[in-house]
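Just so you know, all these numbers are worked out from the coordinates, no wet-lab data involved. Computed from a predicted model, the values in this text were never measured in an experiment. Positions of Cβ are backbone-derived with ideal geometry, glycine not excepted, and every protein chain shown enters the neighbour counts.
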Amino acid sequence: MSYTLGQLAAKVQGVVKGDADLVIEKLGSLEKATQKELSFLANSKYQSLLGSTSAGAVLVKTDELAQLVDNAIVVSNPYLAFAQISHLFVPATHCWSGIHQSAVVSPKATIAENVVVGPNAVIDDDVLIAEGCVIGAGCVLSRGVKIGKSSRLYSNVTLYHDVEVGEACIIHSGTVIGADGFGFAPNDGFWEKIDQLGSVIIGNNVEIGANSTIDRGAIENTQIGNGVKIDNQVQIAHNVVIGDNTAIAGCVGIAGSVKIGASCTISGGAGIAGHLSIVDHTHITGMTMITKSIDEAGSYSSGMGMEPTGKWRRTAARIRRIDEMAKQISSLGQQIKKLSDKG
Amino acid sequence: MSYTLGQLAAKVQGVVKGDADLVIEKLGSLEKATQKELSFLANSKYQSLLGSTSAGAVLVKTDELAQLVDNAIVVSNPYLAFAQISHLFVPATHCWSGIHQSAVVSPKATIAENVVVGPNAVIDDDVLIAEGCVIGAGCVLSRGVKIGKSSRLYSNVTLYHDVEVGEACIIHSGTVIGADGFGFAPNDGFWEKIDQLGSVIIGNNVEIGANSTIDRGAIENTQIGNGVKIDNQVQIAHNVVIGDNTAIAGCVGIAGSVKIGASCTISGGAGIAGHLSIVDHTHITGMTMITKSIDEAGSYSSGMGMEPTGKWRRTAARIRRIDEMAKQISSLGQQIKKLSDKG
Amino acid sequence: MSYTLGQLAAKVQGVVKGDADLVIEKLGSLEKATQKELSFLANSKYQSLLGSTSAGAVLVKTDELAQLVDNAIVVSNPYLAFAQISHLFVPATHCWSGIHQSAVVSPKATIAENVVVGPNAVIDDDVLIAEGCVIGAGCVLSRGVKIGKSSRLYSNVTLYHDVEVGEACIIHSGTVIGADGFGFAPNDGFWEKIDQLGSVIIGNNVEIGANSTIDRGAIENTQIGNGVKIDNQVQIAHNVVIGDNTAIAGCVGIAGSVKIGASCTISGGAGIAGHLSIVDHTHITGMTMITKSIDEAGSYSSGMGMEPTGKWRRTAARIRRIDEMAKQISSLGQQIKKLSDKG
C-alpha cells in the first residue's frame, strides 16, 4: 500500500506543493511521522509543529502553511481529507474469503454474491445477507435477520431474531443487538416478564462499537437512524429512537422509550432517564444525567470535575448542608433588615 | 399465532366485553395498534387514548373503561395481564433443535431430555444440563457448570467452571458469569494475583441481560437470589450477595462483597462501593453513588440532573467554593451580632 | 489438591506454629473455614475472629497472634502469602488439551509447543502464539495477532488484527481488544470515518477482566504497560497509554489519547476525559470525573455519596440556585458594611 503525493491529492481534490512523485507508505502524526509518511495540520494551535516535523508531506489548509514544509497537499478541510485518505491504508483484517466451511449456514438463509462469512459464524433460517457484506468469525445471526449491502460485522457479534441492519454499517465485536428489553410487571412481590415483541431496525451508514447493546422493543421497534455513530459499551434500551447522524460516545446509557433527535452528540458516561424526548442538535457533556426532556437545542451538563480528595470531602460535606446554609442566609437577611429598620 | 379475545381473557381470568370471537394476532400500543391487535390501559393518565385507539380490543381495569371501546377484557391488573398474554406471542427465535452437530459436547457432560444445544456451543466435562434447557449458539459452558431445568441461554454466553444456574432462568448474549474477581495483593509495587476459588450460584427465575458480568467469589461464592432481574451491562463483583426479587437496571456497578437485600430496585448507572450492606426494599435512583451501608428501607439518591452547560459551569464553580461561602456566612453572622450588640 | 501446613509454610517463607503435618485441602475465611481449611488475618481489625474461627490454621503476622489459634503460619505479609498460596488451589477450568480438532487454525499461523487451543477458537494467518499459552473456546485471534508465552485467554475473547499481548497475561471472556477507535471527521452534517491504523500493544503480566474493551490507535498504538490490572467492563479508547502496574476497577471509561502514569489506581465508575495526562501514583476515587490533567500525585475525587431521596432533592434544588446564594451573601456583606459605616 503506497501512493504518490499526487495520487493522494487527487483523491481529496487537493493541490500538491512540492514533489508530487513522493511515495507515501503510511499516515503519521506531526510529532512522529517519518519521511515516507503523510501527516496533517487540522488545528492552527499546532502550527509550530510544521517547523519540526519529519513527515514526508503534510495536509494543510493554505498555501502559506504549505511553505513551512517541503511537501504539502493544500486542501480546504485537512482533517476531512485525512479521514478520506485513511481509507486507503487499511491493512487486511482477516484472511478468509467466501463462506468458510466451518460456518453453520441454514439452507433457508439467503446470501448474496460476494459475501464473506467467517469461521464458525452461525446463520439461522430466513436470514438475508445482501451483497458485499463481511460477517466475522463466531457471529450469530438469528432467525430472520436482514443485513443491507456492504455492511461489516466484526467477530463475535450477536444479532437476535428479526433484527435489521442497513447498508454500509459497521458493527464491532461483542456487540449484542436485539436482546430483550428490561420489561417486567410487578406481580405480588415477583416480576412477571413482559416478552419483548418488537425488534431493532438500524439505518444505513451506522457504526456501532465493541460490547455495546441495543435491546429490541417491547411492542414497537427500537430504531437507530441513518449515519448514527455509537461507541463502545453503550447501552440502548427498548423502544429508543435515535435520529440521523447522532453520535454517542463510550459508556453512555439510554433508558427505555427515549427519543433522541438528529445530529446530537452525547459524551462519554452520560445517562438518559426513560421516556424523555431530546431535540435535534442537542449536545450532552461527559457523565451528565438527563432527567428531563430537552426542548431547546444547545449544550447540557451536570458532570462535576474532580478536586483533591481532601478538599472534595469538605466540599461534599458542605453540599449536604446547603439547605441549612440557604436558611442561614435568609435569617441573616432578616436580621440585617431589623438592624436597618432600627437604624 | 392468533387467539380469540375469549381465549385470551381465559388466560388472565378476565371478562370479555364485546366480541369474544374477535381474532387477535398481535399486541400493540394504544397509539399504533390496528384492528387485529390487543392493547392495554395500565395507567389512567392515558385514558383519553381509549377514544382514539384503533386497537381491536383493550385490556382495562373496569367496566366503565370497557364502555369506551368496542371490545375489551376487564381484568384487575391490565399491565400484569398484558405481560402474561405477551408470552403467547413470542415468535421463533432460532430454528435448530436437539443437539446441533457442530456443537462440541464432552462425553462426560450430562444432558437431559428435551434440551436444545445450538451450533458451535461448547460443553465441557462434568457439565449438567437439566431438561427443557436451550443453550444458544456459541455458548461456552466450562467444566462443572450446572443449569437447572427450563433455563435459556441466548447465543454467545460464557459460563466459567463450576458456575450454577437455577431453573427457569434467562441469560442474554455476551454475558460472562464466573470470571475472576478483581483481587490482588500489593507486593512491592507489583500486584500479586489472588486466585478466585469461589464460584457463582444463581437462583431460579433469574433473568440477566446482555453483556453483563458476574464474577466468581474469592473464597466463598457470589450469590444471586431467586427472581432477581438484571439488565444489560451490569457489573457484579466477587462475593456479592443479592436477595430475592431485586431488580437492577442497566450499567449498574456493584463492587466486591456487597450484600443487597430482597425486593430492592437499583436504577441505571448507579454504583455501590465495596463491603456495604443494603437492607430489603431499598430503592436507589439513577446514577447514585452508594458509599455507606443502608440500614433503613427507602429511596436514596445522589444523581444531579442536567442544566444548560453555561449555567452548570457557573454552578460547578460556585460548588468548588462552597466551603468559602459557608465561612462567609459565618463571618457575616458574627458581624451582625457585633452590630446588634453595639446597637 | 492438598498440602501439609509445612509445605504451605515453605512456599511463603513462613514459620509453622502448631502441627506442620496438618493437611489443608482448601482456603477459607475466618468466619466460615473448617478444620481442613487455611485462613488468614490481614487486618488487625478482625483479630477477635481468631478466638472463634474453626479454621484448621491461619496465616498471621506475629507469634503473639499465632498463640490465639491451634495452628498458624507466621509470615511477614499474611495477605500476600494468602495470594501466593491461592495459586496452589486453582481447580481445572477446562478439560481439553492441545489444539482442539474443532478449532480453525490457519496453516500460516505459528503455534509454539505446549499451547492449548480450545474448541471453536479461530486463529487467522500470521498469528504467533508462544509456548505455554491457553486460548479459550470460541476466541478469535485475527490476522497478525501475537501472544507472548504463558498467557491465557479465557473463552470468547476477540483480538483484532495485529494486536500484541505480552507474556503471562490473563484476558477474561467477552473482552475485545483492537476494535476501531471512535474517530470521525465532521463532513457537512455527516461523519466521515477515520480508519484506525494503529494497533494495541499490551505488556507482560497484564490482567484484563470480562467484557472490557481496548480500542486500537488512530495512527500510533494504544499501549498498556507491564503489570497493569484492568477489571470488568472497562472502556479504554484509542491512543491511550497506561503506565506499569496501574490498576483500573470496573466500569471505568477512559477517553481517547489519555496518558496515565505508573502505579495509579482508578476506582469503579470513574471517567477520564480525552487528551489528559495523569502523573504516576495518582489515585482516583469511585465515580469521579477527571476533566483536567493531574500534575501532582495524590488522591482525587468528585463522586457524591447518596442521601435519602427527599433530602437529596432539596439539596439538588439548592445547588441549582447556588449562584444566587453567593450573590445574596455578597449583597448581605455590602449591607452590613453600610450599616457599620453608618454606625
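Distances, shortest first, from the label point of A:LYS342 to those at the same position in the other copies read 1.2, 1.2 nm; the point lies 7 Å along Cα to C-beta.
Rounded to the nearest 20 debye, the dipole magnitude of chain C is 1660 debye, with +1 charges on Lys and Arg beta carbons, -1 on Asp and Glu beta carbons, and the Cα centre as origin. Electrostatic tally near B:ALA137: other residues with Cβ closer than 14 Å to its Cβ, Lys and Arg +1, Asp and Glu -1, net 0. In the stretch C:290-340, the inverse of the mean reciprocal separation of distinct Cα atoms equals 14.6 Å; this is its Kirkwood hydrodynamic radius.
Placing unit charges on the Cβ atoms of the charged side chains and taking the dipole of chain B about its Cα centre, the candidate lying farthest along the positive direction among B:THR291, B:VAL279, B:ALA168 is B:THR291. Counting Cβ atoms of other protein chains within 10 Å of each Cβ in C:80-87 and taking the mean gives 6. Relative to its residue count, the stretch B:104-300 spans a Cα convex hull of 101 Å³ per residue.
When you count the other C-beta atoms within 10 angstrom of each residue and take the mean per peptide, B:188-201, B:165-178 line up highest first as B:165-178, B:188-201. Based on DSSP H segments of at least four residues, each scored -39500 (n - 2.57), chain B has a per-residue ellipticity at 222 nm of -5000 deg cm²/dmol. Using C-alpha pairs under 8 Å with a sequence gap of at least 6, the mean separation divided by the residue count of chain C gives a relative contact order of 6 percent.
The mean sequence distance of close C-alpha pairs (under 8 Å, at least 6 residues apart), as a share of the length of the stretch A:3-89, puts its relative contact order at 29 percent.
Given +1 at the Cβ of Lys and Arg, -1 at the Cβ of Asp and Glu and no other charges, the dipole of the stretch B:209-343 around its Cα centre is 1020 debye to the nearest 20.
For the protein assembly as shown, the dipole from Cβ point charges (+1 on Lys and Arg, -1 on Asp and Glu) about the Cα centre works out to 4300 debye, to the nearest 20. Dipole orientation for chain A: of the candidates A:SER267, A:ALA92, A:ILE123, A:SER267 has the Cα lying most toward the positive pole (charges on Cβ; Lys, Arg +1; Asp, Glu -1). Which whole-angstrom value gives the distance between the alpha carbon centres of the stretch A:119-170 and the stretch C:163-177? Using only Cα atoms to place each centre, the spacing works out to 26 Å. Charge tally around A:GLY305: other residues with Cβ under 11 Å, Lys/Arg +1 each, Asp/Glu -1 each, net +2. Taking a cut-off of 21 Å between Cα atoms, list the lysines near C:LYS342, but don't count ones fewer than 8 places away on the same chain. Partners within reach: A:LYS337, A:LYS338, A:LYS342, B:LYS337, B:LYS338, B:LYS342. Size of the stretch A:139-178 from its Cα atoms: along the principal axes, largest to smallest, the extents are 20, 19, 12 Å. Other protein chain C-beta atoms within 10 Å of residue C-beta, averaged over A:142-153: 2. For C:LYS36, a cut-off of 14 angstrom between C-alpha atoms picks up these aspartates and glutamates, skipping any fewer than 8 places away in its own chain: C:ASP19, C:ASP21, C:GLU25, C:ASP70. Peptide C:275-285 shows a mean partner chain C-beta count of 1 within 10 Å per residue C-beta.
Computed over the stretch A:1-96, the Cα gyration tensor eigenvalues convert (square root of 5λ each) into semi-axes of 21, 14, 13 Å, ordered from largest to smallest. For chain A, treating each Cα as an identical point scatterer without solvent, what Debye log10 I(q)/I(0) comes out at q = 0.07, 0.13 1/Å? For chain A, the Cα-only Debye profile gives -0.46, -1.09. Summarising the amide proton neighbourhood of A:VAL115: residues at separation of 5 or more, or on other chains, whose placed amide H is nearer than 5 Å comprise A:GLY132. Sorting B:279-285, B:236-242 by their mean Cβ neighbour count within 10 Å, with the most densely packed peptide first, gives B:236-242, B:279-285. Using alpha carbon centroids, what distance separates the stretch B:25-74 and the stretch A:50-111, in Å? Between the Cα centre of the stretch B:25-74 and that of the stretch A:50-111, the gap is 54 Å.
Under 18 Å of direct C-alpha separation, and excluding same-chain neighbours fewer than eight residues apart, A:LYS327 reaches these aspartates and glutamates: B:ASP323, B:GLU324, C:ASP323, C:GLU324. Normalising by residue count, the protein assembly as shown has a Cα convex hull of 202 Å³ per residue. Contact order for the stretch B:66-153, expressed relative to its length and based on alpha carbon pairs under 8 Å spaced 6+ residues apart, stands at 20 percent. Descending by average beta-carbon neighbour count within 10 Å, the peptides B:32-39, A:253-260, A:309-316, C:244-251 line up as C:244-251, A:253-260, B:32-39, A:309-316, the highest first.
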